[in-house]
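*Asks:* Before anything else, here's the structure in question.
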Amino acid sequence: MSAYEPVWHAKGAAEVRGLPERAGKALWDTLVAVLRDPWGQTQADRSENDEAFRFALFDLGDGVVHIRIDDQARTVTVHGVTWLG
């Protein structure tokens, strides 16, 4: 099974601007793992009524990336990024 393709929602793309190098690398490393196994590397976002909306922590828990998995299109859409640093 091949990895999923990343898609950036405008909000998610805007939120990664200005991330320090350490946080950016941690986010990228997390996204690489998520793209290989999106269901196993993420947790359900209980605020949504759709199991495809999920999140993953990065940078030792200082960041969270919100995604949506589309199995049919084999994409992972990054909807939002929050970093506390």
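The values are calculated or read from the model by the stated rules, or taken from the named source; none is laboratory data. Worth saying up front: this structure is predicted, and the values here are computed from it rather than measured. When we count neighbours, we look across all protein chains shown, and the Cβ atoms used for this are built from the backbone with ideal geometry, even at glycine. With ligands, DNA and RNA removed, areas are computed over all heavy atoms of the protein, side chains included. Shrake-Rupley method; radii C 1.70, N 1.55, O 1.52, S 1.80 Å.
*Asks:* Please report the antiparallel percentage of DSSP beta bridges with both residues in the chain, rounded to the nearest 5.
*Replies:* Bridges in the chain are about 80 percent antiparallel.
*Asks:* Quick one: dipole size for segment 1-57, taken about the Cα centre, charges +1 on Lys/Arg Cβ and -1 on Asp/Glu Cβ, in debye to the nearest 20.
*Replies:* Rounded to the nearest 20 debye, it is 220 debye.
*Asks:* If you filter segment 1-74 for trypsin sites (Lys or Arg not before Pro), then keep DSSP loop positions with at most 13 other Cβ within 10 Å, what is left?
*Replies:* For trypsin sites (Lys or Arg not before Pro) across segment 1-74 that sit outside H, G, I, E and B with at most 13 neighbouring Cβ atoms in 10 Å, the list reads Arg17, Arg46.
*Asks:* Same structure again: In Å², what does the accessible area per residue of the chain work out to with a 1.4 Å probe? The partial results should precede the final answer.
*Replies:* Numbers: 5280 Å² over 85 residues.
So the chain comes to 62 Å² accessible per residue, rounded to a whole number.
*Asks:* If you don't mind, there's one more thing I want to ask. Relative to the longest principal axis of the C-alpha atoms of the chain, give the angle of the C-alpha long axis of helix 21-36, reported between 0 and 90° and rounded to the nearest 10°.
*Replies:* Computed tilt is about 10 degrees.
*Asks:* Still on this structure: Projecting each Cα onto the charge dipole of the chain (Lys/Arg +1, Asp/Glu -1 at the beta carbon, about the Cα centre), which of Ala23, Gly12, Val76 comes out farthest on the positive side?
*Replies:* Ala23
*Asks:* Okay, moving on. Please work out which option in [x] 34, 28, 24; [y] 33, 22, 21; [z] 37, 25, 22 gives Cα extents along the principal axes in Å calculated from these coordinates, and answer with its label.
*Replies:* From the options [x] 34, 28, 24; [y] 33, 22, 21; [z] 37, 25, 22, the structure gives [x].
*Asks:* Here's something else I'd like to know. Roughly how many percent of the accessible protein surface of the chain is carbon and sulfur, given a 1.4 Å probe and a whole-percent answer?
*Replies:* Working: 2760 of 5280 Å².
So the carbon and sulfur contribution to the accessible surface is 52 percent.
*Asks:* To continue, here is another question. Mind grabbing the accessible area of Asp37 for me, 1.4 Å probe, Å², rounded to tens?
*Replies:* Counting only protein heavy atoms, the figure is 70 Å².
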